[in-house]
Amino acid sequence: MTSRPYTVSDATPATAQSTSKVMTSESTDRTSVLVVDDDSWTTRAVGAALTDAGSFRVLDPVHSGEEAIAAFDAERPDLVLMDVNMPPGMSGVDATAAIIDLDPEARVVLLTTVSPGPGLARGLEAGALAVLNKAAGERELVSIVRAASAGESPELLKGLAEDIAISGDHLPDAPSAAPQLTAREMELLTLLCQGHGYEEIAAAQSVALSTVKSHARNLRIKLGARNLAQLVVRALQFKFFSPE
């Protein structure tokens with residue numbers, strides 16, 4: 001069975017109300033998620049889809065960058081789903097940067113439209129881990145939120161370079177000159193940009209899983225990237241990778 005897109009019609013009043021839960025011993029074991037979008041129908045639909053999955057505690061949604069910062073500071077959720085553009089107030093890009101300033105370990109996933117618009121590269125540069133298309137099916141939504149709440153992962157990078165290219169977003173300036181990469185490093189960077197998992201890369205390169213993770217960490221340091229998503233931005237900035 002293929003996953004159907006989650007839509008505003010999925011968020012019935014009863015389900016929408018369930019997105020705001022009273023703290024219980026059971027709910028504290030669930031992954032807490034803050035949904036930020038200027039469209040209340042979007043926050044209801046996303047919240048309903050996550051609540052129905054049963055493993056998330058969806059906080060009261062907010063609808064501006066300013067509210068997102070205040071809610072994050074008060075609640076410290078496990079994950080923030082952040083709309084990129086929220087006119088006329090603070091953008092999701094600036095809100096993401098402010099949240100990362102509050103907590104460098106904060107996990108933020110950018111919400112984008114069917115056709116990714118400007119802001120993706122800057123949002124990733126600010127520290128977001130991944131991008132989630134609002135038109136994603138429920139299964140994909142839950143999978144990405146679950147993966148991102150556990151931390152960064154190469155699988156979250158699938159299609160990321162393409163989304164940035166489609167958005168037409170102006171890439172922010174790289175923090176330094178392009179470093180020299182070995183052929184092995186270029187191969188690893190390409191595989192990561194394509195969204196291949198660590199296990200898959202280890203098998204392809206006939207090395208241990210720990211070796212791949214160590215090399216990926218060293219590659220981030222070499223390219224001045226704080227996480228894997230920012231590594232994709234660096235690869236595009238330095239023209240080490242180009243989506244087909």
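Both the radius of gyration and Dmax for segment 38-163 are 13.1, 35 Å, in that order, over alpha-carbon atoms.
Normalised by 2.2 N^0.38 Å, where N counts its residues, the alpha-carbon radius of gyration of the chain equals 1.01.
Think of the chain as having a plus end and a minus end, set by charges on the Cβ of Lys, Arg, Asp and Glu; of A70, A95, A130, A130 sits farthest toward the positive end of this dipole. For segment 160-244, trypsin sites (Lys or Arg not before Pro) meeting the loop criterion (DSSP other than H, G, I, E, B) and having at most 11 other Cβ atoms within 10 Å: K239.
This model, with +1 at the C-beta of Lys and Arg and -1 at the C-beta of Asp and Glu, gives segment 172-244 a dipole about its Cα centre of some 300 debye.
The lysine pair tally for the chain, using Cα distances under 19 Å and a gap of 8 or more places or different chains, is 5. Sorting M86, M186 by solvent-accessible area of protein heavy atoms yields M186, M86, largest first, with a 1.4 Å probe. For the chain, find the longest principal axis of its Cα atoms and tell me its angle to the long axis of helix 183-193, 0 to 90°, nearest 10. The answer is roughly 20 degrees. Does anyone have the angle between helix 40-53 and the longest principal axis of the chain? Alpha-carbon axes, 0 to 90°, nearest 10? Tilt relative to the chain: about 80 degrees.
Indicate the gyration tensor shape class of segment 117-164 (rounded, prolate or oblate), computed on the Cα atoms with a ≥ b ≥ c the square roots of the eigenvalues: a/c under 1.5 is rounded; otherwise a/b larger than b/c is prolate and the rest oblate. Note, shape of segment 117-164 comes out oblate. For segment 34-103, chymotrypsin sites (Phe, Trp or Tyr not before Pro) meeting the loop criterion (DSSP other than H, G, I, E, B) and having at most 15 other Cβ atoms within 10 Å: none.
For segment 100-203, the Stokes-Einstein estimate of translational diffusion at 4 °C and a viscosity of 1.567 mPa s comes to 87 µm²/s, using the Kirkwood hydrodynamic radius over alpha-carbon pairs.
Springs between Cα atoms under 10 Å define the GNM used for the chain, and in it the highest mean-square fluctuation of A70, A216, A177 occurs at A177. Largest accessible area first, the residues R44, R30 order themselves as R44, R30 under a 1.4 Å probe with ligands, DNA and RNA left out. Helix 209-223 axis versus longest C-alpha principal axis of the chain: approximately 90°, rounded to the nearest ten.
The values are calculated or read from the model by the stated rules, or taken from the named source; none is laboratory data. Remember, predicted model here, so these are calculated numbers, not experimental data. Here the Cβ is made from the backbone with ideal geometry for all residues, glycine too, and neighbour counts use every protein chain on show. For the accessible areas, the whole protein counts, side chains as well, though only heavy atoms, and no ligand, DNA or RNA atoms are used. Shrake-Rupley method; radii C 1.70, N 1.55, O 1.52, S 1.80 Å.
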